[in-house]
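Working notes, beginning with the structure itself.
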Amino acid sequence: MMVCEKCGTLLIDGKCPNCLGLENQKSKNRNMAIFAVILSVVSIGLLVGGFFALSSPMTIALQSISNWSSLLKKGLENDNSQLMENFSSRNQVQMDTQLLFEVNPMLSLGFEEFELKFTCADDRKNDRSKVNLQMLLGENGIGLDGILADHKLYLKIQDVLEQYHYLDMDFSSFFQPTDNISYEKLIDIVFDNIKKNVDSGSFKKSKETISLGDRTKKTTKISYKVTTKKFAHVLIDILEDIKNDKDLMTMLEKTYAEGEESFSSQIELAIQELKTLEKQKDQPLFYYNIYYYGFNNIVMEEFADDDVAIQFYHYDRVNEFKVTDIASKMNYFTLKIEDKKDEKAISGFILTYPYQGTYTKKGTESSLKIELNLYGQSFITELVHKEKDEKDSFESQDQFTLDMKADGTILEDVIKITTNVQYVFDQKVDVSGIEEAKPFEEMSVDDQAALLDAIESHPFISSIIQLFGNSDVDFGDSDLENDDFNWDLDDEDLDMDDFDL
């Protein structure tokens, strides 16, 4: 019997079963190690190559353009889905609008309240519509009624034209249904053509340090020069795609056609003018600059020429907008919006004058409050919005107030504007009263003279003429340049310290 010299195990057919297994295992381990090394090298190569490919100027630019497209679509999102559906599916629509404009008596503007009520109703199926307008300034008011039916416009005016008179006019609806999906398609056409026309060889790359709030950040800047020819070429492609989309053109024809000129003819004219521009000498229009760091983390986009830069920052739950003079690096305007837990904090400057405020939204109610510090005084504005969207109606309420503060003293409700808009559906349009109407063209000379006299002597119209005729308000630049700017809240020069509130 023969045994293995290494481990003493009996040999089988002259071979040691233990040592043979170890040799095979070592061979397998060696092969796996080689494979792992090769795989690691390939992975690192792919990772590095992918990083450089995804961080190329072209990729960054396309990502930035897509961000703008998404932002624009988000801005067009409408929460009033039921209202939009009613506009599209209902033939009978009525809108009731009320506006109340109130001013503090201490302003001495000659009036304290102006009220407007406006109702318009449409029946697209029967080509009928009706309007009623009521205006009240102080104790003086005026009313107007109009009916559009039978290819005629009927009018009468309170205390001026008591009987309906008419003139020929074709029916035109006050309410045109809109298609949000078509507008999304329009956005896609615009941005797809921008992406398609980006020239990958026109980018310039540099290192820049920018301010992100209270800190500075080293970034990579990608700059793309937009010229007249590039801009014209993109616009031509956009207009051509719009013109070739039948569904989109149908919607645009209904909405934007002007008189006898169709929207398609307007597009064709614009294309021809752009082709003329495309043949002229190429000139730079502006630069589109993108600032990013790390793995495509874009923190600022900028539109700039030789004089002014328009910048949009987005970082750390903050959006910031600036309009800057390039030579002096002075900001003409800044707006900073920071997401907080239950609200958005707003701050910024108009030239050197600071403002701050908040925006809150809960359900269908929102509030925007801004305080602007100007010429040593504070102007506090607040806009509160509420709405109710139901199956057969929609109601929207807004209230705007302006308060003033100086040296700790507050004058409330300097200006107060309240609006209420309500839409109701499936309401019949009443056109009674037009049976005895007379045509305007048959008015005699005496009737026309009497109509003019009634207009000139009408209490409301005369009060409007008197209000603006006696106005001493001058909004010239000289008033705004006075550093000692004070509101004249009465006939005499009045300082805010004199208020006893």
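Annotations for the structure displayed:
- The set of residues in segment 408-422 being open to solvent by 40 Å² or more (accessible area, probe 1.4 Å) and under 30 Å from F174 (Cα atoms) consists of K416, I417, T418, Q422.
- Any hit, segment 126-144, residues being in a strand (DSSP E or B), more than 25 Å from T419 (Cα to Cα), in contact with a Ser or Thr (Cβ under 8 Å, 6 or more places away or on another chain) and open to solvent by less than 60 Å² (accessible area, probe 1.4 Å): no
- Every residue from segment 68-113 that is part of a helix (DSSP H, G or I) and aliphatic (A, V, I, L, M): L71, L72, L76, L83, M84, M106, L107
- In segment 76-97, of all residues being under 12 Å from F425 (Cα atoms) and loosely packed, with under 15 Cβ neighbours inside 10 Å, the one that is modelled with the highest pLDDT corresponds to N91.
- Scanning segment 145-178 for residues that are within 28 Å of E456 (Cβ to Cβ), open to solvent by 40 Å² or more (accessible area, probe 1.4 Å) and hydroxyl-bearing (S, T, Y) turns up just one, Y166.
- Residues satisfying the stated conditions in segment 35-75, i.e. at pLDDT 85 or above and of a type in the set (V, I, T): T59, I60, I65
- Scanning segment 222-231 for residues that are open to solvent by 40 Å² or more (accessible area, probe 1.4 Å) and in a helix (DSSP H, G or I) turns up K229, K230, F231.
- Neighbours by Cβ (under 6 Å, 6+ apart or cross-chain): first from segment 427-449, within 16 Å of L153 (Cβ to Cβ); second open to solvent by less than 60 Å² (accessible area, probe 1.4 Å) and assigned to a loop (DSSP other than H, G, I, E, B): none
- On inspection, F394 qualifies as open to solvent by less than 50 Å² (accessible area, probe 1.4 Å) and either among the aromatic types (F, W, Y) or modelled with pLDDT under 95 (or both).
- Selection status of T409, closer than 27 Å to M106 by Cα, over 26 Å from the mean Cα position of the chain (by Cα) and in contact (Cβ under 8 Å) with a residue 12 or more places away in the chain: yes
- Take the conditions (1) at pLDDT 85 or above; (2) surrounded by 11 or more Cβ atoms within 10 Å (Cβ to Cβ); (3) of a type outside the set (D, E, K, R); S432 misses just one of them, which is (2).
- Applying the condition of being aliphatic (A, V, I, L, M), touching a helix residue (DSSP H, G or I) at 6+ places or on another chain (Cβ under 6 Å) and not in a strand (DSSP E or B) to segment 272-326 and asking which residue is most open to solvent (accessible area, probe 1.4 Å) yields L277.
- Matching residues, segment 327-341, being surrounded by 13 or more Cβ atoms within 10 Å (Cβ to Cβ) and either part of a loop (DSSP other than H, G, I, E, B) or among the basic types (K, R) (or both): K336
- Residue count for segment 232-271 under the criterion of being small (G, A, S) and open to solvent by 70 Å² or more (accessible area, probe 1.4 Å): the result is 1.
- Cβ-Cβ distances below 6 Å connect the following pairs, each with a first residue in segment 383-406 that is of a type in the set (S, T, Y), a second residue that is surrounded by 16 or more Cβ atoms within 10 Å (Cβ to Cβ), and a separation of six or more residues or different chains: S393/V424; S396/E387; S396/V421; T401/E382; T401/K416.
- Top-ranked residue in segment 232-271 [being among the polar types (S, T, N, Q) and part of a helix (DSSP H, G or I); ranked as modelled with the lowest pLDDT]: T255
The values are calculated or read from the model by the stated rules, or taken from the named source; none is laboratory data. Remember, predicted model here, so these are calculated numbers, not experimental data. Reconstructed Cβ throughout: ideal geometry from the backbone, glycine too, with neighbour counts over all protein chains shown. Only protein heavy atoms, including side chains, enter the accessible area calculation; ligands, DNA and RNA are left aside. Shrake-Rupley method; radii C 1.70, N 1.55, O 1.52, S 1.80 Å.
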